[in-house]
Amino acid sequence: MGRYIKIFLAAVAIIIAIVGMKSGYDTGKQVTYPVAYGDWIMKYSAKNDLDPFLVMAVIKQESNFVPEAHSGYAGGLMQLTPETARWNAKELGISDYDYMDPETNIKLGCHYLKYLLIHYGNIDTALAAYNGGMGNVNSWLSSDECSSDGVTLDYIPFPETRNYVVKVNGYWEYYRELYK
């Protein structure tokens, strides 16, 4: 009888270990690839005909879902500059706003991302503009060294922007797979 209890307890311990590892793995994914503000991401992605997983990827790269994040002059979940926030608010008919408020930041950031996608007609080019600025991207698109067709960027001269496009695309793929 004692032998069977030992076997039973060993089996239970193995099951608990497997469940614990799986749980730890899932928790690790949530820490590495967080998602917060999902309702607002879904709402403003839909209003702007954006893939919500792309918006999650941008937020992950820009602020890692920390609403008070600042990077130089930009701030919030989607790292908007005051000028970009002001322009988007004006376009949306909003006069009283706090661009650091998470919902407002997502609302303005989604509007801006949609604008860039329409303007450039290419996701990677739009992402490069989101990070590196439209002036730089326009200059790169007119350069034979950076673009062979004036629409896509074959080469992005700023390493930060080049890495940004790669990382956002990687996060985008991850979030799509995670929520399949």
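Here, each number is a calculation from the coordinates, and none is a lab measurement. Model, not experiment: these values are computed from the prediction. Backbone-built Cβ (ideal geometry, glycine too); neighbour counts: all protein chains shown.
Consider a paramagnetic label point 7 Å from the Cα of Arg86 along Cα→Cβ; state which residues of region 99-115 have an amide N under 15 Å from it. Label zone hits: 99-100.
Fully extending the segment from Lys180 to Lys43, taken as 0.36 nm per residue of separation minus the present Cα-Cα distance, adds 47.4 nm. Calculated over region 66-175, the projected area of the Cα convex hull averaged across directions stands at 7.1 nm². The label-point distance for Asp96 and Phe158, in a model that sets each label 7 Å from Cα toward Cβ, rounds to 3.5 nm. Here's how it looks for Gly75: its modeled amide H is under 5 Å from those of Leu80, Thr81, which are all 5 or more places away or on a different chain.
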